[in-house]
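These notes are about the structure you will find just below.
Throughout, read-outs are computed from the coordinates displayed, never taken from laboratory work. No experiment lies behind these values; they were computed from the predicted model shown. Cβ atoms come from the backbone with ideal geometry, glycine included; neighbour counts cover every protein chain shown.
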Amino acid sequence: MKNTISNEWAEYLAYTEIPTYYVNDKKSYPFLGRFTLKMINEFAGYNRILTVLARRYLFHNVDGTIKDGDAYERIDYARRALCAWCSMEDSKKATLMEWQYGTDFSELHAEFPELADEHGNGWYIRHLHNIVDFVNANRDKVGTSGINLADNIKKLEAKWKDKVVQFQIPIFTESTKADKLIRFDDVIADALELGALRIEPIELTEKQKQWLAEKTPESVPMKIAETVLEYYLANKPTDTDWCVFPITNIEAFLGSGSLGKTHMTTLNGTLFEKKDINKDVSIIKLIT
C-alpha cells in the first residue's frame with residue numbers, strides 16, 4: 001500500500017512500530033522516524049499523534065478492519081491505550097500531581113504489549129531512547145542538533161514526564177492553564193468526531209498533477225506541492241473550503257523542516273490562501 005500523506009493507517013503504524021534507525025548525512029535526520037527535532041524538543045504536533053492513536057483504538061481491529069459496536073463504549077479502552085503509549089517508568093518518589101495521575105502504566109503491558117513494555121516504558125519513551133542510542137553510536141555521522149538531543153536526554157525525559165501528567169488533567173479542571181494543555185479527554189473527543197482512520201490513500205489524478213505543475217512556483221519541489229494537495233483533498237470538511245493543516249506533522253512525513261520555514265509562504269497566494277492558527281498549525285483554502 002502506497003504511503004502517502006493521506007494514508008492515516010500508515011501514520012498510525014509509524015507511531016507504534018519500530019522504525020529503521022539510519023543516517024544519510026549530517027544534514028538529514030531519518031533516524032527520528034516520523035518525528036522532527038522540533039517535535040521532540042518542543043513537543044509540537046502531539047495533538048495529532050495522540051488523536052491518530054485514539055482513532056485506531058476506538059474504531060479499528062489489529063489488522064485495520066473496522067470494529068463492531070459503538071465506539072463510545074470504547075472510550076476508556078482508548079484512554080488506556082494513550083496512557084500505555086505515553087507511559088514512563090518511574091521508580092522515584094512521585095510528586096502529589098504525579099501520584100494523582102500517574103506516569104508509569106506498566107500494568108497496561110498485558111493489554112497493550114505493542115505500546116508499553118513490562119517495565120512501564122511506553123512506545124514514545126522507548127523510541128526516544130533508541131534515537132539516543134543510535135546517535136551515541138554514530139556521533140561522527142550525525143549533525144550537531146542530533147548530538148544535542150542525545151546529550152539533553154535527561155531534560156527531555158523530565159519534560160515528557162510532566163507532559164504525561166498534563167495529558168490526564170480532566171476537561172473541567174479548575175486550573176487556569178488547562179485550556180492551553182493537550183488532554184486525553186479532548187483528544188478522544190476529536191477522535192470520535194473524526195472517525196476511523198483512512199486506510200486507502202487518496203492519489204492525485206494526472207489532471208490534478210498537471211494543474212499542480214502549472215500552479216506551483218519553480219522554487220517549490222513537486223513532492224511538497226503534491227503532499228499539500230493530497231492532504232487538503234483528503235481532509236477538507238464538506239461544509240467549508242478551509243482545511244486545518246498541521247504543518248509540523250506534515251514536515252515529519254516529508255522528513256524536512258523547509259515546509260513551514262519557506263514553502264508555505266511561497267505557496268500562499270499561488271496554490272492556496274493561508275491563515276495561521278499558531279506556529280505549528282494553519283488553515284488553508286485552495287485557490288481554484
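Things worth noting here:
- Qualifying residue in the stretch 176-193 (condition: without any contact (Cβ under 8 Å) to a residue 40 or more places away in the chain, out of contact with any helix residue (DSSP H, G or I) (no Cβ under 8 Å at 6 or more places or on another chain) and assigned to a strand (DSSP E or B)): no
- Filter result (touching an Asp or Glu at 6+ places or on another chain (Cβ under 8 Å), in contact (Cβ under 8 Å) with a residue 24 or more places away in the chain and under 19 Å from PHE167 (Cα atoms)) within the stretch 98-127: GLU98, THR103, GLY120, ASN121, TRP123, ILE125
- Going through (1) hydrophobic (A, V, I, L, M, F, W, C); (2) more than 22 Å from THR16 (Cβ to Cβ); (3) surrounded by 13 or more Cβ atoms within 10 Å (Cβ to Cβ) one by one, PHE167 falls short only on (2).
- Within the stretch 42-82, the set of residues being under 16 Å from the mean Cα position of the chain (by Cα) and of a type in the set (Ser, Thr, Tyr) comprises TYR46, THR51, TYR57.
- LYS236, sole failed condition from (1) surrounded by fewer than 15 Cβ atoms within 10 Å (Cβ to Cβ); (2) farther than 30 Å from ILE169 by Cα; (3) among the charged types (D, E, K, R): (1)
- Only residues that are in contact with a helix residue (DSSP H, G or I) (Cβ under 7 Å, 6 or more places away or on another chain) and either of a type in the set (Gly, Ala, Ser) or in contact (Cβ under 8 Å) with a residue 60 or more places away in the chain (or both) were counted in the stretch 254-284, giving 5.
- Tally of residues being free of Cβ contacts under 8 Å to residues at least 24 places away in the same chain, outside any loop (DSSP other than H, G, I, E, B) and among the charged types (D, E, K, R) across the stretch 217-231: 1
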